[in-house]
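These notes concern the structure reproduced below.
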Amino acid sequence: MNVFATSLTSYLSRVLSNLGEKRWVLVLVMLIQAGGLVIYLYLSHNWIESGVVQSLRNVSSMHLRGFEQLERTISYQLASVGEAVADDAQFRYAKEYIRGEVEQTGLDSIIVLDRTGKIIASESVVPLELILPPSVFATQSFRDLPQFKTFQRGGTNSTFFVSRQYVPEMGGNGMIMYHMMTSPEGRPLGSVIGYTSPRSLSMLLYADTARGFDLGKNGVLSIFDNHTRQVLYRYAYSRVPVEEHSLALPAIRDRYFQNTRYGPDVKNYQSPVDGVERLVVLTPLHLGQWMQLVGESPNEYLFEWRIQVAISVFVFICVSFLQVLLMDIFRQNKAQRTLLDLVLNSVDACVYLKTSDRRFSYVNSKTAELFGLPVEQIIGRRDKDILPQKLVDDFWATDKQVLETGNRQLCTEMMINPQGERRYFSTIKELVRIPDQLPAVIGLSTDVTELHEQTEARKAAEDAIRKMAFFDQLTGLPNRRMLEERLGKTLAQAKLKQQKLSLLFIDLDKFKAVNDLHGHKTGDWLLTQAASRMSSVLRASDIVSRIGGDEFVVLLPDAQSLDEAVRVAERIRALLEQPFVMDNGVALDISSSIGVVIYPDLADNVHDLLHFADEAMYRAKKGGKNAVEVFTG
């Protein structure tokens, strides 16, 4: 072993002494290394930022779906109010009926009009003079309002986003919904109008769709008026309750945005609210009248990258320093070689030299400390005589690549220190060839345990966000987005194999009454129990999903006939009409209305299947509820 050490020292002295006379070679090597490092860091920065842009687009899409679903839900509730009021053709009891409906529907105001647009009855949480345009309030009629004329000409239900700068306590803007009331014969009776402020919308949205998602401590989601640029509502770090909405928030001007290379919807944004710079994705809402902004701070998503830059620069400095020292020190005497040991022992990294027969020929003090042995007990010994076999095999896999290819290897390795702790190291391994000696591997390992743990934590957070994008947070069932994706794939397979499949659309009867009487916690418990019961009667190939509120969809890819689909629907209906008994002994009685549709008999695409199943469910509910209805066209 002494002969080998002497030969190695002599060889390195000759090589580095010759190179020491040509310092330009070292400078060239260091410039190449620095250039490669800069390119790698630049590319990794772009990869990280591209991933963040995609994540922000996913969150924006998820929130937009929630907003649209909320709009449909409120519209459906308004339609229910309109149907109830229309049952009294003379509108004698209209005011009494809508008196308690404002709070239950989530609407700030409900107004009933006759066929000419005259106000018959109204109920509002704030005075109507603060909501209605002065001309409408003065005449008590919507007849001359352009939006009402547009609604009457169209003959269909309509939604408008309007500006109400004189209603600061309601956010300054709002969403107005018009619903036509008709007699059983189809004769127009009048219309019912609902008004919802941004504050009410955001409260409902935060309590339902957006509940639980987290953009990070410096993340933000806002909606602002695209014309007035006024912030309608804003919440950041969504683990805390939704922020208060106020016209006192600064307006969002174009000067706060800068273009990026990711497209017109992605901007660099300097917030006038908190001064934080963010990368944001802009998404228009409702024909571009409102704009949704979702952003994350570079301080959040570039945190690990900046640590990586610091470590890379540190490693580059250390390697460059070692290269300079090796060239100078190996030309010197034994005292200078001792100085090299001092330098390597002072470096906050493990440095070692291992031959192709897997024996250590050099280790610095940091390596000896990691192994828990004195340097003298490591030199000359094989790695398997010192370390556990599993770690030895992992280390040898990269050592072997260096010896066989001659290429530098960059890897992350795990080591257990004498205290039994797992430590992670970023390792660089290079091949060293000495004439008449065995090839060797020189390694430099830097402890990156903290960075590794932060990376794992961020991966876990990203996995949680991906799960939120595809699964319902309350029941754990697939949400509408995942259902549509799976349904699309299943339809493609069924079309290829020329097979049938069935779809069930399930709505829980009397769920709203339970929710109002016992509270949202009981309602959430009931939804999870109902989901569990439905899942218990389905096969592994079937898919049950919650698409919103108390609505569920069941995909039966193996149900080839109408009779088989109806049997499954009847089993679900029978299960759901049985009482749900809570821990306190209270029994909750609900039922279900189920619509059934078969592919490809009456529908051959995702949209039609869901629409027709929904229509069949609606017929079952209209027919008295607690029933199964098959869509027949």
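The values are calculated or read from the model by the stated rules, or taken from the named source; none is laboratory data. What you see is a predicted model, and the numbers here were worked out from it, not measured in a lab. Quick reminder, even Gly has a Cβ in these numbers, built from the backbone with ideal geometry, and neighbours come from all protein chains shown. Remember, those area values only see protein heavy atoms, side chains included, never the ligands or the DNA or RNA. Shrake-Rupley method; radii C 1.70, N 1.55, O 1.52, S 1.80 Å.
Work from the charge dipole of the stretch 534-633 (Cβ charges, +1 for Lys and Arg, -1 for Asp and Glu, about the Cα centre) and give the residue of Ala620, Val544, Pro579 farthest towards its positive end.
Farthest towards the positive end: Pro579.
For the stretch 512-633, how big is Rg over Rh, using alpha carbon atoms and the Kirkwood form of Rh?
0.98
Enumerate the calculated ³J(HN,Hα) couplings along the stretch 512-520 in order (Karplus 6.51 cos²θ - 1.76 cosθ + 1.60, θ = phi - 60°), each rounded to whole Hz, writing x wherever the residue is Gly or Pro.
4, 5, 4, 4, 5, 7, 9, x, 5
Along the Cα→Cβ direction, 7 angstrom out, place labels at Asp348 and Met582. What is the inter-label distance in nm?
5.6 nm
What is the distance in Å between the Cα centroid of the stretch 596-633 and that of the stretch 107-159?
Centre-to-centre distance over Cα atoms comes out at 35 Å.
Net charge near Leu610: determine it from the other residues with C-beta under 11 Å of the C-beta of Leu610, scoring Lys and Arg +1 and Asp and Glu -1.
-4
Considering all projection directions equally, how large on average is the shadow of the alpha-carbon convex hull of the stretch 271-318, in square nanometres?
Orientation-averaged projected area of the Cα hull: 4.6 nm².
For the stretch 405-554, compute Rg over Rh where Rg is the Cα radius of gyration and Rh is the Kirkwood radius from the inverse mean 1/r over Cα pairs.
Reported Rg/Rh (Cα atoms, Kirkwood Rh): 1.29.
Sorted by accessible area (1.4 Å probe), largest first, how do Phe303, Phe360 line up?
Largest accessible area first, the residues go Phe303, Phe360.
Only Cα pairs under 8 Å and at least 6 apart count here; give the relative contact order of the stretch 569-614 as a rounded whole percent.
28 percent.
Run the 1.4 Å probe and let me know the accessible area of Phe321, rounded to the nearest 10 Å².
100 Å²
Using the Kirkwood radius over C-alpha pairs as Rh, can you work out the diffusion coefficient of the stretch 103-152 via Stokes-Einstein at 10 °C, viscosity 1.306 mPa s, in µm² per second?
138 µm²/s
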